[in-house]
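Engineer: Got a structure here, written out as structure tokens. Questions coming.
Please treat every number below as a calculation from the coordinates, not as lab data. Just so it is clear, the structure is predicted and the values come from calculations on it, not from any experiment. Please note: Cβ atoms are built from the backbone with ideal geometry, for glycine as well, and neighbour counts cover all protein chains shown.
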Amino acid sequence: MGIVVVAALFAPVLAPHDPYDQVLTRSLRPPVWGGGSWAHILGTDHLGRDVLSRVIYGSRISLGVGLGACLVAGTIGTFLGLISGFFGGRLDDVVMRVADVQLAFPFILLATAVMFVLGSGLRNVIVVLGVTGWVVYGRVVRGQVLALREKDFIEAAVASGCTRAGTIIRHVFPNVSSSVIVIATLEVARVIIAEASLTFLGLGVDPRIPTWGSMLADGRQYLAGHPWIATFPGLAIMITVLGINLLGDWLRDTFDPKMTG
Amino acid sequence: MSRYLLRRLVHACLILLGVSLVTFLLMHLTGDPVTLFMPLDSSPEDVAVMRTALGFDRPLHLQYLTFLGGATRGDFGSSLRHRQPALGLVLERLPATMQLTMLALGLAVLAAIPLGVVAAARRKSSVSLLAYLLGLLGQSMPVFWLGIVLILFFSVNLRLLPASGRGTIAHLIMPAVTIGTYSMAMLMRLMRATMIEILSQDFVRTARAKGLSERVVVFKHAMRNALIPVVTVMGLQLGTLLGGAVITETVFSWPGLGRLLIQGFNNRDMPVVQAAVFVMALMIVFANLLTDLAYGALDPRVRYG
């Protein structure tokens with residue numbers, strides 16, 4: 001995990017080559033242990049671009065989209081969950097029915113459809129994954145708020161003249177924030193996979209930008225004979241997601257052993 | 001039970017209404033829907049005539065009601081590319097996708113339950129460690145990459161299985177494993193966690209104190225109870241599996257609903273997209289309803305709660 005974050009932050013320093021640099025005379029070189037040279041440790045792709053540099057730059061997009069989308073989803077979901085759970089009534093009904101309708105679509109289907117409507121591009125990917133991902137935050141936060149609302153300290157806050165907005169911000173939110181952090185961590189992992197899937201299907205980030213999803217889509221064409229092009233970005237995704245999942249599991253066990261994601 | 005059934009049915013119908021609204025809006029959110037039905041160089045007069053002919057000049061809510069009426073009769077219009085009824089195309093592809101997802105679910109359950117049970121019953125064993133690693137890896141691997149790795153290994157290197165297409169059982173194996181792995185990992189982790197919790201409960205201690213063998217305690221007393229949440233989650237897996245199918249079918253060129261949908265998106269063939277999206281959502285709502293009912297039947301606390 002740490003390595004991936006460092007790679008994302010210091011990509012220009014760490015990458016041995018320009019990830020966009022195409023040199024057709026050095027295309028499809030194997031990795032160093034497969035007969036390649038140290039100049040391109042993980043080999044080159046069909047356009048002669050350095051695979052290692054592209055994997056390093058790809059971490060920026062993956063982590064950027066992961067964090068960005070979770071920030072959007074977490075904000076929407078937490079807000080809706082808080083007001084829905086606290087106020088209840090018709091508002092709660094509407095929010096929960098919208099969540100139900102959204103859950104009736106496979107996540108990737110909804111994301112594909114919205115991407116299709118908005119058009120591809122980095123910003124749209126973050127918006128789509130953010131907007132389609134709020135339900136899990138909304139449901140968990142609402143559930144917890146419903147339980148918290150009955151507690152004495154919330155009643156005391158209301159009785160002592162605290163406004164409803166103030167009660168939510170100062171008394172309810174701090175009590176659900178640890179759950180939100182745990183969900184957000186696990187969601188970053190899911191969002192990274194979703195972004196790669198969308199890009200792989202040709203609906204995500206601009207295919208010219210080095211991303212793990214687009215590298216996999218390119219590499220798929222060259223599987224026979226040049227498997228390294230698709231192998232390394234896939235490994236990068238897996239290791240990143242694995243690291244985030246482990247962190248999420250650990251956070252969950254630490255904050256709340258009873259919670260099931 | 002009948003009140004519970006009625007409540008769930010009404011709930012499912014409400015969700016379906018929402019689903020139909022979203023599906024309807026898909027057509028309008030992509031821009032002026034008339035342009036989808038006409039060549040790019042059409043004159044404004046032709047566009048106006050077509051707009052009236054197709055009814056796109058009417059108020060949106062009336063258009064929605066027409067769409068809803070059509071959808072309930074199974075009429076989503078004709079595919080712009082194939083010149084055939086869109087629903088017919090979808091239903092033609094549906095068996096291929098169902099075959100894949102059901103096999104995937106079957107494989108996932110067959111692997112997940114025994115592994116989860118053994119991992120919980122013998123928490124210090126190598127099986128437990130294996131289950132832990134499989135669970136982590138299974139949930140961390142992107143579906144399409146797993147597909148690519150399987151193709152690389154079994155088709156390119158070993159030449160054992162075909163890399164694409166449909167026809168024989170050999171064609172089914174890799175796509176089904178690809179789709180099912182995530183659900184397998186999830187179900188196994190759930191089975192293991194539930195079993196561990198149940199094995200620490202009083203009735204299990206009583207069963208052991210009675211002198212029952214560990215085998216009977218684990219398989220008869222604990223596993224039966226642990227299966228309740230697993231069955232529930234299993235029913236809810238259909239959405240994940242269908243989502244996985246959309247990507248996996250592209251990787252393996254599997255002629256199913258997912259591939260039809262992606263092709264529909266790429267060709268801007270909205271009637272096909274609408275029909276495919278609606279049918280998928282319908283199946284998920286139905287599966288969720290069945291799961292709710294099964295849960296109600298298995299666990300009496302739910303019905304009256």
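Engineer: If you fit an axis through the alpha-carbon atoms of helix A:228-255 and take the longest principal axis of the Cα set of chain A, what angle between them do you get, 0 to 90°, nearest 10?
Structural biologist: 20
Engineer: Oh, and also: Taking amide hydrogens as modeled 1.01 Å from N in the peptide plane, which residues meet the under 5 Å criterion relative to A:THR44, leaving out close sequence neighbours?
Structural biologist: Residues meeting the amide H criterion: A:LEU28, A:ARG29, A:VAL51.
Engineer: Considering every residue in A:111-118, what mean count of other chain Cβ atoms within 10 Å of its Cβ is obtained?
Structural biologist: Counting Cβ atoms of other protein chains within 10 Å of each residue's Cβ and averaging gives 5.
Engineer: How well do other chains shield peptide A:87-100, expressed as the mean number of their Cβ atoms within 10 Å of each residue Cβ? Walk me through the numbers on the way to the answer.
Structural biologist: Details: counts 0, 0, 0, 0, 0, 0, 0, 0, 0, 0, 5, 1, 0, 8.
Going residue by residue through A:87-100 and averaging, the value is 1.
Engineer: Here's another thing I want to ask about it. Treating only the Cβ of Lys, Arg, Asp and Glu as charged (+1, +1, -1, -1), what charge dipole size does region B:105-252 show about its Cα centre? Round to the nearest 20 debye.
Structural biologist: Roughly 580 debye, rounded to the nearest 20.
Engineer: Within the set of other residues whose C-beta is less than 13 Å from the C-beta of B:ALA96, count the net charge using Lys and Arg as +1 and Asp and Glu as -1.
Structural biologist: Numbers: positive: B:ARG93, B:ARG166, B:ARG259; negative: B:GLU92, B:GLU249.
That sum, taken over residues with Cβ under 13 Å, equals +1.
Engineer: Arranged from highest to lowest average of other beta-carbon atoms within 10 Å per residue, in what order do the peptides A:122-130, B:24-32, B:160-168 appear? Spell out each step's value before the answer.
Structural biologist: Values: A:122-130: 21.4, B:24-32: 16.0, B:160-168: 14.0.
The most tightly packed comes first, giving A:122-130, B:24-32, B:160-168.
Engineer: Stick to Cα atoms and the Kirkwood definition of Rh, then tell me Rg/Rh for the protein assembly as shown. Don't skip to the answer; put the middle values down first.
Structural biologist: On the way: Rg = 25.3 Å, Rh = 25.7 Å.
That ratio equals 0.98.
Engineer: Magnitude of the Cβ-charge dipole of chain B, K/R +1 and D/E -1, about the Cα centre, nearest 20 debye? The partial results should precede the final answer.
Structural biologist: Values: 26 positive and 14 negative charges, 340 e Å.
With only Lys, Arg, Asp and Glu charged at Cβ, the dipole is about 1640 debye.
Engineer: Related question: Compute the FRET efficiency between B:SER213 and B:TYR132 as 1/(1 + (r/R0)^6), taking r as their Cβ-Cβ distance and R0 = 22 Å, and round to the nearest 0.05.
Structural biologist: So, using R0 = 22 Å, E works out to roughly 0.25.
Engineer: Roughly what angle does helix B:126-140 make with the longest principal axis of chain B, taking Cα atoms, 0 to 90 degrees, to the nearest 10?
Structural biologist: With both axes taken from Cα atoms, the answer is about 20 degrees.
Engineer: Oh, and also: In terms of the Cα gyration tensor, with a ≥ b ≥ c the square roots of its eigenvalues, is region B:52-142 rounded because a/c is under 1.5, prolate because a/b exceeds b/c, or oblate? Display every interim value, and only then the final one.
Structural biologist: On the way: a/c = 4.24, a/b = 3.21, b/c = 1.32.
Prolate shape, in that a/c is at least 1.5 and a/b is the bigger ratio.
Engineer: Between A:HIS46 and A:ALA165, what length in nm is gained on full extension when 0.36 nm per residue of separation is reduced by their alpha carbon distance?
Structural biologist: Details: separation 119, 0.36 × 119 = 42.84 nm, distance 5.70 nm.
Difference between extended and current length: 37.1 nm.
Engineer: Give me the orientation-averaged projected area of the Cα convex hull of region A:1-85, in nm², one decimal.
Structural biologist: On the way: hull surface 29.4 nm².
Over all viewing directions, region A:1-85 projects a mean Cα-hull area of 7.3 nm².
Engineer: What is the gain in length, in nm to one decimal, between B:ARG73 and B:ARG123 on full extension, counting 0.36 nm per residue of separation less the C-alpha to C-alpha distance?
Structural biologist: Length difference between fully extended and current span is 12.6 nm.
Engineer: Highest first, please rank the peptides A:26-38, B:203-215 by the mean number of other Cβ atoms sitting within 10 Å of their residues.
Structural biologist: Values: A:26-38: 14.8, B:203-215: 12.0.
The most tightly packed comes first, giving A:26-38, B:203-215.
Engineer: At a 10 angstrom cut-off on C-beta neighbours, averaged per residue, how do the peptides B:244-256, A:231-243 rank from highest to lowest?
Structural biologist: Top to bottom by mean Cβ count within 10 Å: B:244-256, A:231-243.
Engineer: A follow-up question, please. Among the aspartates and glutamates, which have Cα under 12 Å from the Cα of B:LYS220 when same-chain residues fewer than 8 positions away are ignored?
Structural biologist: Answer for B:LYS220, where 12 Å is the Cα cut-off: none of the aspartates and glutamates qualify.
Engineer: Please say if region B:171-284 is rounded, prolate or oblate, where rounded means a/c under 1.5 for a ≥ b ≥ c the square roots of the C-alpha gyration tensor eigenvalues, and otherwise the choice is prolate for a/b larger than b/c and oblate otherwise? Kindly include the intermediate steps, with their values, before the conclusion.
Structural biologist: On the way: a/c = 4.99, a/b = 3.06, b/c = 1.63.
Prolate.
Engineer: Give a residue-ordered list of calculated ³J(HN,Hα) values for region B:273-279 (Karplus: 6.51 cos²θ - 1.76 cosθ + 1.60, θ = phi - 60°; whole Hz; x for Gly, Pro).
Structural biologist: Values, residue by residue: 4, 4, 5, 5, 4, 5, 5 Hz.
Engineer: For region B:221-242, list residues with backbone N below 20 Å from a point placed 7 Å from the Cα of B:ARG205 toward its Cβ?
Structural biologist: B:221-223, B:225-226
Engineer: So, one more: Output ³J(HN,Hα) for region B:66-78: one whole-Hz value per residue in order, computed from phi by the Karplus curve 6.51 cos²θ - 1.76 cosθ + 1.60 with θ = phi - 60°, and x for Gly and Pro.
Structural biologist: In residue order, the calculated couplings are 4, 4, 4, x, x, 4, 5, 8, x, 10, 10, x, 9 Hz.
Engineer: If I fit a long axis through the Cα atoms of helix B:257-266 and take the longest principal axis of the Cα atoms of chain B, what angle between them do I get, 0 to 90°, rounded to 10?
Structural biologist: Taking the Cα atoms of chain B, the angle to B:257-266 is about 40 degrees.
Engineer: Would you mind checking which residues have amide H under 5 Å from B:PHE56's amide H? H placed 1.01 Å from N; only 5 or more apart, or other chain.
Structural biologist: Those qualifying (amide H under 5 Å, at least 5 residues apart or on another chain) number zero.
Engineer: Let me ask you something else. Short version: ³J(HN,Hα) in whole Hz for each residue of region B:105-117, in order, from phi by Karplus 6.51 cos²θ - 1.76 cosθ + 1.60 (θ = phi - 60°), x for Gly and Pro, what are they?
Structural biologist: 5, x, 4, 4, 5, 4, 7, 6, 5, x, 4, x, 5
Engineer: Oh, and also: Return the long-range amide H neighbours of B:SER78 (sequence gap of 5 or more, or a different chain), with a cut-off of under 5 Å between placed amide H atoms.
Structural biologist: B:ALA86
Engineer: Still on this structure, I have one more. Between A:TYR20 and A:LEU235, what is the spin-label point distance in nm, taking each point 7 Å from the Cα along the Cα→C-beta axis?
Structural biologist: 2.8
Engineer: So what's the net charge close to A:LEU216: Lys and Arg +1, Asp and Glu -1, counting the other residues with Cβ under 13 Å from its Cβ?
Structural biologist: Details: positive: A:ARG54, A:ARG220; negative: A:ASP45, A:GLU195, A:ASP218.
Value of the local net charge: -1.
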